[in-house]
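Chemist: Sharing a structure here in structure tokens format.
The values are calculated or read from the model by the stated rules, or taken from the named source; none is laboratory data. Keep in mind the model is a prediction, meaning the values are calculated, not measured. Cβ placement follows ideal geometry from the backbone for every residue including glycine, while neighbour counts extend to all protein chains displayed. When the accessible area is computed, the model is the full protein with side chains, heavy atoms only, and any ligands, DNA or RNA have been set aside. Shrake-Rupley method; radii C 1.70, N 1.55, O 1.52, S 1.80 Å.
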Amino acid sequence: MQPLIEYQGETLCYSIIINRRLKHLYIMIDPIKGVIVKTPYTSKEYIHELVSQKAAWIFTKVKAAKKRTTIQSLFTEEGKVLYLGEPILLHVKQTPDAFYKEKTIPLVTRLVEEWSFLMGVKPTKISFRKAKKRWGSCSYTNELSFNLSLAQLPLECITYIVIHELSHIEHKHHQKSFWQCVAEHMPEYKTCEKILKNYSPTLS
């Protein structure tokens, strides 16, 4: 039975992952798996005490995650999808999957071509796939992969994700030099990161 935390009359389950290599307890809010506690501690009572101290923060984050606009809920309830940050009616014979494949691939491909030229980098391959958590990724062989649902986002956020992944071609980390590279090409990237919290990468 999973442990529970209570806050203002509400309860939440959380799961525990023990990793003795960690130095501190970390709490993650996963949109699929829920509240996950990663900790070096083995005492369930001590873990529960620490988690309970963070109850207000946990419930705030969980509620914020639930408020994120999801494509599936919008389509089910209103017959609409998000396109460049705005809800639009979907053609009666078209599915969200088909719509995003049609819109995302040419848009992102064009942005990659434009920004790779401006940034002086070149990916070895560009691919697209459905993903539940990631907007994009860059492999160690400089292959870029992008989420097929990207067309739901405002254009500036799509551009940010393209710049972010292209920056990984020369910086295979998230250290200072990487963020300097991103900021050089998109000074307002932090605003885009805040906007992205209002969206869900998953199509389902």
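Chemist: Pairs, please: C-beta under 9 Å, at least 6 apart or cross-chain, first residue within 25 Å of Leu90 (Cα to Cα) and in the stretch 148-167, second among the polar types (S, T, N, Q) and open to solvent by 10 Å² or more (accessible area, probe 1.4 Å)?
Modeler: Close Cβ pairs satisfying both conditions: Ser149/Thr202; Gln152/Thr69; Glu156/Thr191.
Chemist: May I pose another question? Can you find a residue that is open to solvent by less than 90 Å² (accessible area, probe 1.4 Å), closer than 24 Å to Ser200 by Cα, without any contact (Cβ under 8 Å) to a residue 60 or more places away in the chain and not aliphatic (A, V, I, L, M) anywhere in the stretch 43-58?
Modeler: No: the stretch 43-58 contains no residue that is open to solvent by less than 90 Å² (accessible area, probe 1.4 Å), closer than 24 Å to Ser200 by Cα, without any contact (Cβ under 8 Å) to a residue 60 or more places away in the chain and not aliphatic (A, V, I, L, M).
Chemist: Being of a type outside the set (Asp, Glu), outside the structural domain of Ile29 (by the TED database) and open to solvent by 50 Å² or more (accessible area, probe 1.4 Å) narrows it down to one of His173, His168, His164, so name that one.
Modeler: On inspection, the qualifying residue turns out to be His173.
Chemist: Sticking with this structure for a sec: Can you tell me which residue is farthest from Glu86 (Cα to Cα) among those in the stretch 169-189 that are in contact with a His (Cβ under 9 Å, 6 or more places away or on another chain) and touching a residue at least 12 places away in the same chain (Cβ under 8 Å)?
Modeler: The extreme case among them is Cys181.
Chemist: Name the residues in the stretch 78-101 that are among the aliphatic types (A, V, I, L, M) and modelled with pLDDT of 85 or more, would you?
Modeler: The answer is Val81, Leu82, Leu84, Ile88, Leu89, Leu90, Ala98.
Chemist: Another question about this same structure. Restricting the first residue to the stretch 114-126 and requiring it to be farther than 16 Å from His171 by Cα, which pairs with a second residue that is surrounded by fewer than 17 Cβ atoms within 10 Å (Cβ to Cβ) meet a Cβ separation below 6 Å and a spacing of at least six or different chains?
Modeler: Within 6 Å, the pairs are Lys125/Glu143.
Residues are listed down the side, and each one gets a yes or a no for (1) in a strand (DSSP E or B); (2) at pLDDT 90 or above:
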site: Ile5; (1), (2): yes, no
site: Ile16; (1), (2): yes, yes
site: Ile29; (1), (2): yes, no
site: Val35; (1), (2): yes, no
site: Ser52; (1), (2): no, yes
site: Lys61; (1), (2): no, no
site: Ala65; (1), (2): no, no
site: Gln72; (1), (2): no, no
site: Thr76; (1), (2): no, no
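Chemist: If you go through the stretch 112-122 one residue at a time, do you hit one that is under 30 Å from Lys80 (Cβ atoms), open to solvent by less than 90 Å² (accessible area, probe 1.4 Å) and of a type in the set (S, T, N, Q)?
Modeler: Checked against the condition, which is being under 30 Å from Lys80 (Cβ atoms), open to solvent by less than 90 Å² (accessible area, probe 1.4 Å) and of a type in the set (S, T, N, Q), the stretch 112-122 yields no hits at all.
Chemist: Which numbered condition trips up Phe146, out of (1) in contact with a helix residue (DSSP H, G or I) (Cβ under 8 Å, 6 or more places away or on another chain); (2) open to solvent by 10 Å² or more (accessible area, probe 1.4 Å); (3) among the aromatic types (Phe, Trp, Tyr)?
Modeler: (2)
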